[in-house]
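J.: Sharing a structure below in C-alpha cells format, with a few things to ask.
Every number here is computed from the coordinates shown, using simple stated rules; none is lab data. Owing to the predicted nature of the structure, the values given are computational and were not obtained by experimental measurement. Cβ sites come from the backbone with ideal geometry, for glycine too, and all protein chains shown count toward neighbours.
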Amino acid sequence: MADSSKKEELKPSLSPVQFMDTTLRDGHQSHLATRLKLEDMLPIAEKIDQAGYAFIEMWGGATFDSAIRYLNEDPWERLRELKKVMPNTPFQMLLRGQNLVGYRHYADDVVERFIDRAVSNGMNVFRIFDALNDLRNLKTSFRATMKYGGKVQGAFCYTVSRFHNNDLFVGLAKRLEDMGSDSICVKDMAGLLSPYDAFDLISKLKEAISVPIHLHTHDTSAMAVATYVKAIEAGVDAIDTAISSMASGTSQPPVETLARILEGGARDPEFDMSLLTEIADYFKEVRKKYHEFESDYTGVDPRVLTYQIPGGMTSNLARQLAEQQALHRMQDVLDEVPKVREDFGFPPLVTPASQIVGTQATLNVLTGERYKVITSETSNYLKGLYGKPAGPINEAVQKKAIGDDAPITGRPADLLNPELEGAEKELSKALGKKIENIEDVLTYALFPKVALEFFNQKDQPLVKKSEKAPQVEEVQAPLIAPSEFNVKVHGETFEVKVGGVGHPGEGGRPYFIYVDGQLEEVMVESLLEVMPAAEGRIESHAGGRSIRPKVADDGDVTTPMPGAVVDIRVKLGEKVKAGAVVLIIEAMKMQSEVHTAIDGVVQAIHVAEGDRVNPDEVLVEVRPEV
Ligand code: MN
C-alpha cells in the first residue's frame, strides 16, 4: 500500500546514534575558558580515537584565538599533532562562516585559503554557521570546503524570539541542504532547546531533509539529556557529548549517560565503556590543573531559559564587569541584554553577535545612558556589515549609530578586497624576514595584533628572556621597570602587565595591574623619590604611558572604561568640533569611539597607540579657541 510504504520511509532510522566528542573543543571552551593545552590532550588522544566516537571536535570556535593569545601554542601544529595520534576518527571543527575562527568578516581569499590549509592539515568535517543565520555568509566557506575535499555540515543557530519558529528553521535547513550540505546541524549554543520542542523540530527536519541531522546543545539548564533522548526518538542521527569529567553545566551532557541510556537498544552506539572510564579519570585529574579558569557561571543554571544568554557569554560578562570593577551591575546588564538584542533584530546570541550585544549592553548600563557610547562593532552591525537578522532593526538606534548613511543590503564580504597578499607583506615587514609559511600568514590575517605578539614570543621563548637577565645590557635597562613581565611564585607562572598608574595619595600610588588578564588595583609605596624622568613624560606628545593628569575640564577627553588605545584620530593643534572622534579605545575585545565634548583645539595628547588607559585619566586635552 502506498500509505504504509510512505510511513516506512518516514520511520526514524534505526542505525546507531553517532556521537561526537566535544571535550577537546567545546568541553574546555565551556568549562576552562578554552585553556586546555596540547600537552594535556596528547596523552589521552589515542584512547579517545579508539572509544567509539563517530567524530571528534578538536578545533575551531575559540580554540584558535586562545592558543595564540594565551597558550603560546600554534593552532596549526595542534591540528597536525593530534591527527598523528588520532588517525581513525574523523576530525570536526566549528567554523563561523565568513568570520572563520575570528570576530569579523574576512575577505574571500582568506576564507578559501584557511579552509584549504585546514583540510591539508587533517580537518575532515566543517560545521559552518553564521551568527545571524544569514546564509549569504556561508557561500564562500561551503564552496571552499567542497573544493578542497572537506565535508560540509551546514548549521543554523537555534534561538527563541517572536521571529523564530520551526517553519523558519526547517526553511533554513532546506536551503542549507540545497547549498550542498553533507549533513545539517541544529546548533543550540545556549542550551535553550527543551525536550518536547526538540522532538517537534527534529521530527519536522527528518520529514523535510534527506541528509543526516546532528544536534548540538548545552546542559546549562540540565535538560540536555532529556532533549537528546527526545531528539533520538524523533530520529536524530548524531549528538554532541563530552566526557563526564568535562561535561554538564555549560558544557555538553556526558557521553557515558547517553551511552548507557541507549545500551542494548536498536540505536546502541556500542562504546568501549572501560575506555570511556579511563578517559574520564584522566580529565578529572587534568581539570584540576586548570582550576583558575573555572568560573562561578559554568554550573547548572536554569535561568538561562529566562535570559537566553549562553553560559559562555554570562561568564564573559562577569569577567568584563569585574575588569570595570562593576560586578555589582551584573543584574542590570542581564536585564539590558534582551533589550539590545531586540533593538538589533533578535540575533542569536552566538559569537560574534553575543560579544557585540553583550558589550553594548554593558556600556549602556555603565555609562548610565543607552547608546551614549557605541562600539565600532555595533555601528558595523547596524550598518549591515554582519548580515541580516531575522527581526527588524530599531531605526532610532540605527540612526544614532550610523547617522544618515544607508545600511548595506548585499553580502557583506562583497565589500572586502583580498587581504592575504597585504597580510603577508605586513607580517614579513613586522618580523623583518620573508614569511613563506602560509599558515603563519593566515594566523596573522585573522588576528594581526595577537599573532605578532605570538610570533615574537615564539622566536624568543620566555626561558631565554630570563637567562638574559643578568647581562649588563639588561642591568642598564631604563629606570622604569618593564611594563610586562612574568612572575614565578611557588612554581606557578603569572603573566603581569602594568595597565596604568593613578595619582599618588594616602597609602601610596595605585597601580592597575593585569595578572593573567585579571585587573587588580595595587597600592605601591615607593621608596624612591618620584622619578623626574617619568613625571617629565606627561608633557610629551606620545610618551605619557605612566602618568596622566586628573580630569578637571570639560575639554578633557577620557575613556568610558579601562582599555587600550588603538588609534589616535587627532593631531596636536588640530581644530575639532564637539562630537568629533578623538580616539579609538579597545576594551572587552570591542573597539569604541571616544569623542570630544566641546569645540576647540587639541592642546595636549597624553597617550600613544597601545597605551592602557583608565577612566580617571585625561587622554587628550581640547581647549576652546582663543
Ligand atoms: Mn557549543
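J.: Could you state the angle between the C-alpha long axis of helix 108-120 and the longest principal axis of the C-alpha atoms of the chain, as a value from 0 to 90 degrees rounded to the nearest 10?
T.: 60 degrees
J.: Helix 353-366 versus the longest principal axis of the chain: what angle, 0 to 90°, nearest 10, using Cα atoms?
T.: The angle comes out at about 40 degrees.
J.: While we're on this one: What is segment 546-626's relative contact order, in percent, from Cα pairs under 8 angstrom and six or more apart in sequence? Mind showing how you got there, number by number?
T.: Details: 201 pairs, mean separation 32.5, N = 81.
So the answer I get is 40 percent.
J.: Per DSSP H run of at least 4 residues, take -39500 (n - 2.57); add these up for the chain, divide by its residues and hand me the 222 nm value, nearest 500 deg cm²/dmol.
T.: Working: 24 runs with 239 residues, N = 626.
Dividing the helical sum by the residues of the chain leaves -11000 deg cm²/dmol.
J.: Quick check on segment 187-281: take the gyration tensor over C-alpha atoms, sort the square-rooted eigenvalues as a ≥ b ≥ c, and tell me if it's rounded (a/c under 1.5), prolate or oblate. Don't skip to the answer; put the middle values down first.
T.: On the way: a/c = 2.23, a/b = 1.36, b/c = 1.64.
Oblate.
J.: Gain in length, residue 47 to residue 139, computed as 0.36 nm per residue apart minus the alpha-carbon separation, to one decimal in nm?
T.: Values: separation 92, 0.36 × 92 = 33.12 nm, distance 3.62 nm.
Contour length minus the Cα-Cα distance gives 29.5 nm.
J.: What nm distance separates the two modelled labels at residue 571 and residue 554, each placed 7 Å from Cα along Cα→Cβ?
T.: Spacing of the two 7 Å Cα→Cβ label points: 2.8 nm.
J.: Expressed as a rounded percentage, what relative contact order does the chain have, with Cα pairs under 8 Å and six or more residues apart?
T.: Working: 1207 pairs, mean separation 69.8, N = 626.
About 11 percent, as a whole number.
J.: Checking the a/c ratio against 1.5 first, then a/b against b/c, what shape does the Cα gyration tensor give for segment 1-155?
T.: It comes out oblate by the Cα gyration axes.
J.: Suppose we keep just the alpha-carbon trace of segment 356-449; what are its Rg and Dmax in angstrom?
T.: Radius of gyration, then largest Cα-Cα span, for segment 356-449: 17.8, 50 Å.
J.: Something else: Relative to the longest principal Cα axis of the chain, at what angle does helix 273-289 sit, 0 to 90 degrees, rounded to 10?
T.: Its long axis makes an angle of about 10 degrees.
J.: Does segment 157-225 come out rounded, prolate or oblate, given a ≥ b ≥ c as the square roots of the eigenvalues of its C-alpha gyration tensor, rounded meaning a/c under 1.5 and, failing that, prolate meaning a/b above b/c?
T.: It comes out prolate by the Cα gyration axes.
J.: If you count the DSSP beta bridges with both ends in the chain, what percent of them are antiparallel, to the nearest 5? Don't skip to the answer; put the middle values down first.
T.: Numbers: 41 of 71 bridges.
Counting only bridges with both partners in the chain, antiparallel ones make up about 60 percent.
J.: Would you mind giving the average projected area, over all directions, of the Cα convex hull of segment 260-358 in nm² with one decimal? Before the final figure, lay out the partial values.
T.: On the way: hull surface 38.3 nm².
Dividing the Cα hull surface by four gives the mean projection, 9.6 nm².
J.: Could you pull out every residue, at least 5 positions away or on a different chain, whose amide H is within less than 5 Å of the one on residue 582? Hs are placed 1.01 Å off N in the peptide plane, and Pro or chain starts have none.
T.: 594, 595, 596
J.: Just the Cα atoms of segment 28-97, one point each, no solvent: what log10 I(q)/I(0) does Debye give at q = 0.29 Å⁻¹?
T.: Cα-only, vacuum Debye calculation for segment 28-97: -1.48.
J.: Could you state the orientation-averaged shadow area of the convex hull built on the Cα atoms of the chain, in nm² to one decimal? Before the final figure, lay out the partial values.
T.: Values: hull surface 123.4 nm².
Dividing the Cα hull surface by four gives the mean projection, 30.8 nm².
J.: If you don't mind, there's one more thing I want to ask. Please tell me which of these pairs span more than 31 angstrom C-alpha to C-alpha: 147/434; 288/372; 83/139; 84/284; 497/577; 139/206? If you can, show how the numbers build up before the last one.
T.: Details: 147/434 29 Å; 288/372 43 Å; 83/139 28 Å; 84/284 24 Å; 497/577 35 Å; 139/206 24 Å.
Result: 288/372; 497/577 exceed 31 Å.
J.: Sticking with this one: Could you tell me the calculated FRET efficiency between residue 496 and residue 200, based on Cβ-Cβ distance and R0 = 60 angstrom, to the nearest 0.05? Can you show the working numbers first?
T.: On the way: r = 53 Å, r/R0 = 0.88.
Rounded to the nearest 0.05, the efficiency is 0.70.
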